[in-house]
Amino acid sequence: MQAIDVRLDDGRVLRAYDSGADAANGADAANRSGAAAGPVLVWHHGSPQTGAPLEPVLAAAAARGIRVLSYGRPSYGGSSPNPGRDVASAAEDAAAVADAFSVGRFAAMGASGGGPHALAGAALLPERVTAVVTIAGIAPYTDAFDWFSGMRSPGGLLAAREGREQRAAFAEIEEFDPEQFLPADFEALDGAWSALGADVAASEAFGNDGLIDDDVAFTRPWGFELEDVRVPVLLVQGEGDRVVPRRHAAWMLSRLPDAALWMRLDDGHVSVLHTVPDAMDWLLDHAH
């Protein structure tokens, strides 16, 4: 695993990771030019995490010859802050990371808070992003349905709707509510996805700003419309998710021009990540 600091034109730094060109048979200049090369996936992490790729993601990708790039969004895992950022800003950041590793075209996958940011690249970088998977991804804020309905603990997002100052104040009293998770979620965290819990814990060293800015961005205009996403999109959703309710995925399905939905009847917000290997197979079949 190679980790570098990608320096951007605006002076910011993104801490970025590359699972290695060997996984994609040396996809570099050929990938940049659009010629045939091994597949590359940009992984967009959840909220909060460090941005380092998780072992189950790396293992599933390696088994399929997929090269994984990832990075910490602003204020996460050693990446510089980007005050006032919106979801759309992730498109340029992901492009800068891909450029730093000499990658031209790539698929994108985002889990939970990473889902919107994966969609940003598809909407704004149509010449580079080939297909997208979102897993338990949150929908753009809308009055078309009760956006908060079904969320066990919506306090952070409710505060974010009031503004960043209010969201930061809520972070001072925020506590984890275990009722957000199903038994299947805790089983996943104790087993195959233990790396997720460890990474969330590691992210605490970098403070709350990344999570605060994510929540504010989710509840404001994203900077693009779902109808702008013209590449194939797979939405994966747990029926029992109490963090991002199923209605979010169903509403996005109705708005995205080329989308499919896998509804996982027995899964919650974490256990739905067991679909990552199958979702990678879907990407290999649908990326163009």
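The values are calculated or read from the model by the stated rules, or taken from the named source; none is laboratory data. These numbers were taken from a predicted model, which means no experiment stands behind them. When we count neighbours, we look across all protein chains shown, and the Cβ atoms used for this are built from the backbone with ideal geometry, even at glycine. Just so you know, the surface numbers come from the protein's heavy atoms only, side chains and all, with ligands and any DNA or RNA stripped out. Shrake-Rupley method; radii C 1.70, N 1.55, O 1.52, S 1.80 Å.
For the reader, a short list of remarks on this structure follows.
- Nearest 10 degrees, 0 to 90: helix 89-100 Cα axis against the chain principal axis: 30
- Acute angle (nearest 10 degrees) that the helix 276-286 long axis makes with the longest principal axis of the chain, alpha-carbon atoms: 50
- Taking a sphere under 11 Å around the Cβ of ARG264 and counting the other residues whose Cβ falls inside, with K and R at +1 and D and E at -1, yields a net charge of -4.
- When each of the peptides 4-10, 14-20, 79-85, 233-239 is scored by how many other beta carbons lie within 10 Å of its residues on average, the order from highest to lowest is 233-239, 14-20, 79-85, 4-10.
- The range 51-139 shape via C-alpha gyration tensor axes, a/c threshold 1.5: rounded
- Positive minus negative residues near GLY240 (Lys, Arg vs Asp, Glu; Cβ under 10 Å): -2
- The angle between the Cα long axis of helix 114-124 and the main principal axis of the chain comes to about 50°, on a 0 to 90 degree scale.
- Packing rank of 46-57, 108-119, 220-231, where each peptide gets the mean count of other beta carbons within 10 Å, highest leading: 108-119, 46-57, 220-231
- Placed amide H near HIS269: partners under 5 Å, 5+ positions off or other chain: LEU182, ARG242, VAL243
- Whole-Å distance, taken between Cα centres, linking the range 116-136 and the range 229-257: 14
- Using alpha carbons only, the radius of gyration of the range 118-160 set against its Kirkwood radius gives Rg/Rh = 1.09.
- All Cα pairs of the range 99-142, percent lying beyond 17 Å: 33
- Working ranking of peptides 204-212, 167-175, 94-102 by packing, defined as the average number of other Cβ atoms within 10 Å per residue, highest first, is 94-102, 204-212, 167-175.
- For PRO39, net neighbour charge (Lys/Arg +1, Asp/Glu -1) across residues whose Cβ lies under 10 Å away: +3
- Remark on LEU261: its backbone amide H falls under 5 Å from those of LEU235, a criterion applied only to residues 5 or more positions apart or on other chains, H modelled at 1.01 Å from N.
- Against the empirical curve 2.2 N^0.38 Å, the C-alpha radius of gyration of the chain lands at a ratio of 0.92.
- The rule of thumb for compact globular proteins, 2.2 N^0.38 Å, goes into the C-alpha radius of gyration of the range 110-221 1.16 times.
- Amide H contacts under 5 Å for HIS45: TYR71, restricted to partners 5 or more places along the chain or on a different chain, H placed in the peptide plane at 1.01 Å from N.
- Counted over the chain, the DSSP beta bridges are approximately 30% antiparallel.
- Global geometry of the range 169-232, whether rounded, prolate or oblate, following the gyration tensor of its Cα atoms and the 1.5 cut on a/c: oblate
- Accessible surface of the chain, 1.4 Å probe: 49 percent of it comes from carbon and sulfur atoms.
- Here the range 151-288 is treated as a sphere whose radius is the Kirkwood value from Cα pairs; by Stokes-Einstein at 20 °C and 1.002 mPa s it diffuses with a coefficient of 128 µm²/s.
- Three-way shape call for the range 208-288 based on the alpha-carbon gyration tensor, with the a/c threshold at 1.5: oblate
- Dipole magnitude for the chain: computed about the Cα centre from +1 point charges on Lys and Arg Cβ and -1 point charges on Asp and Glu Cβ, it is near 640 debye.
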